[in-house]
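The values are calculated or read from the model by the stated rules, or taken from the named source; none is laboratory data. Predicted, not measured: the structure shown is a model, and the values here were computed from it. Cβ placement follows ideal geometry from the backbone for every residue including glycine, while neighbour counts extend to all protein chains displayed. When the accessible area is computed, the model is the full protein with side chains, heavy atoms only, and any ligands, DNA or RNA have been set aside. Shrake-Rupley method; radii C 1.70, N 1.55, O 1.52, S 1.80 Å.
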Amino acid sequence: MDKKDSKKEVELEENITDNLAEDMPKDENADNLADELAQMKDAYLRLMAEYDNFRKRTIKEKADLIKNGGEKVLSGLLPLQDDFQRALENIDKSKDIEPLKEGVNLIYNKFQTFLQQNGVKPIEDIGQTFDPELHEAVAMIPAENEEQKGSVVDSVQTGYTLNEKVIRHAKVVVAN
């Protein structure tokens, strides 16, 4: 407990004592008053200790969550790392390029599936109306017709959302 809490505790005890003195008739036994005050002090101190423990536990849990929050995702990426490592080892050994292409495509598809399972989705962009919430215009070209104005005609870099929140804007070329 810090000094501010100690000062508040002393003030609260004084207020309780004053209120009890006002509420009790003058002819009541002083021992009853002292016992009641001791019980209230004990209850107050227990409540303050419980709150302090709760606060410390919450801070520790939050720090652990921040420190290890990405553990699930990183653990899911390890099999992909293994697949890439095997592919790289086999590049030099293989004479036929077709199985290597197939292997890399399988790894890519596995990675796409992993991203989707974790709530990451690509932003649809080509043919869509330019939306500054989703897209970042990196170039503008003249529109071929009136219908094409303000729409995305090419994607330079795919954008992604995580659970409906944009985590990377799509870099696009817009017809103007």
Quick one: what pairs do we get from the range 31-48, first residue of a type in the set (Phe, Trp, Tyr), second surrounded by 13 or more Cβ atoms within 10 Å (Cβ to Cβ), C-beta under 8 Å, 6+ apart or different chains?
TYR44/GLU9; TYR44/LEU12; TYR44/GLU13
Filter pass, ASP125 being open to solvent by less than 70 Å² (accessible area, probe 1.4 Å) and either of a type in the set (D, E, K, R) or at pLDDT 95 or above (or both):
yes
Total residues in the range 90-122, condition open to solvent by 100 Å² or more (accessible area, probe 1.4 Å), of a type outside the set (S, T, N, Q) and part of a helix (DSSP H, G or I):
8
If we ask which residues in the range 74-104 are closer than 19 Å to VAL120 by Cβ and not aliphatic (A, V, I, L, M), their number turns out to be 6
Which of the residues belonging to the range 123-139 are of a type outside the set (Asp, Glu) and part of a strand (DSSP E or B)?
THR129, HIS135, ALA137, VAL138, ALA139
